[in-house]
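J.: Mind having a look at this structure? Questions to follow.
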Amino acid sequence: MRTGRQRMIELYGLAFLLGAIGTACGGDAKLAYPVMAPIEQYLGENASAEIALARTAAPPSISGDASVLVLGKHGYETAEEGKNGFVCLVWRSWAGPGGFDDPDFWSPKFRAPICFNPAGVRTILPPYIERTKWVLAGASKTAMIDRTRAALASHQIAMPEPGAMAFMLSREGIKADGQHFRHPHVMIYFAHTDSADWGANLHGSPIVAEQAAPEPITTFDVYVPSWSDGTPVFMGPTIEPQSRREILVGVTGISR
């Protein structure tokens, strides 16, 4: 028979165990990359590999004739000139789905091949290129937010042209956790738009809407049934992300 002292010891032990579990969970919640990693970790292995990865963003009939940008130590550089007006590149983490508040903003693992059409090249791509320069020059998040707001106020950042869109169909992209993407989609850009007008973010809808900040831009992500190489993708009934972050990072409840 247990004595009162033994029961007290057991309770203290349980409290200690629960406290240890809580501490461990709290550690898991900490940002993996609270600050920028060394620049070298964001660069590609080599230009040829990054060019090949960038072209996987869209079907070869599009990406094969597109221009390709490659990230260097001071920003993106044109590695290959195209002839159809599209531009393919590999996004880094500061273009992630959560914007400046994304917990993976500084992840050096993130690689998202994307290919913009001509309207997207003119109006969506330039702010990202500029932000990349700020990042590589060592600007803080706060400084970048202030610069973005100033650029919007002075109309240096244009609103999306009609028809601005991008392909994100690569099965070779890498999420911030080092795993591959699982949702090929196209991205359609508008000045701030009510997502309800598109039926976005609703149960069973293949459309996800994201409202950018501080830019007043709405991105509609539309699921497609195959990767850029034509391989079909299974999007079962349990795969129903409600944000672009879930598309690019993973869906709660789905094994990785």
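Derivation of every value follows stated rules applied to the coordinates shown; laboratory data play no part. Because the structure is a prediction, the values reported are computed rather than measured. For neighbour counting, all protein chains shown are included, and Cβ atoms are generated from backbone atoms with ideal geometry for every residue, glycine included.
J.: Gap in Å between the Cα centre of the range 116-132 and the Cα centre of the range 197-233?
T.: 19 Å
J.: Name the shape class, rounded, prolate or oblate, that the alpha-carbon gyration tensor gives for the range 39-249, where a ≥ b ≥ c are the square roots of its eigenvalues, rounded holds for a/c under 1.5, and otherwise prolate holds if a/b is larger than b/c and oblate otherwise.
T.: rounded
J.: Order of Val68, Val233 from fewest to most other C-beta atoms within 10 Å?
T.: By the 10 Å Cβ count, ascending, the order reads Val233, Val68.
J.: What distance in nm separates the simple spin-label points at Ala32 and Val224, each placed 7 Å from Cα in the Cβ direction?
T.: It works out to 2.7 nm between the two label points.
J.: Give the order of Phe105, Phe100, Phe167 when sorted by the count of other beta carbons within 10 angstrom, beginning with the fewest.
T.: Ascending number of Cβ neighbours within 10 Å: Phe100, Phe105, Phe167.
J.: Between Gln156 and Glu40, what is the spin-label point distance in nm, taking each point 7 Å from the Cα along the Cα→C-beta axis?
T.: 3.2 nm
J.: Now, a different point. If Lys and Arg each add +1 and Asp and Glu each add -1, what is the summed charge of the other residues whose beta carbon sits under 11 Å from the beta carbon of Ala54?
T.: Local charge sum for Ala54: -1.
J.: Shifting gears a bit: Once fully extended, how much extra length lies between Ser48 and Arg149, figured as 0.36 nm per residue of separation less the alpha-carbon to alpha-carbon distance?
T.: Contour length minus the Cα-Cα distance gives 32.8 nm.
J.: Grab the other residues whose beta carbon is less than 15 angstrom from that of Asn84, score K and R as +1, D and E as -1, and report the net.
T.: Summing Lys/Arg as +1 and Asp/Glu as -1 gives 0.
J.: Which of the lysines could a cross-linker bridge to Lys30, judged by Cα under 24 Å and excluding same-chain residues fewer than eight apart?
T.: Within reach: Lys109, Lys141, Lys175.
J.: Going by the alpha-carbon gyration tensor, a ≥ b ≥ c the square roots of its eigenvalues, is the range 179-227 rounded (a/c under 1.5) or, if a/c is not under 1.5, prolate (a/b greater than b/c) versus oblate?
T.: oblate
J.: Still on this model: For the range 118-201, what is the Kirkwood hydrodynamic radius in Å, using each pair of distinct C-alpha atoms?
T.: 15.1 Å
J.: So, one more: What FRET efficiency comes out for Lys133 versus Glu172 if R0 is 30 angstrom and r is the Cβ-Cβ distance? Round to the nearest 0.05.
T.: Step by step, r from the Cβ atoms, then E = 0.70.
J.: List His183, His74 from most exposed to least, where exposure is judged by having the fewest other Cβ atoms within 10 Å.
T.: Lowest to highest Cβ neighbour count: His74, His183.
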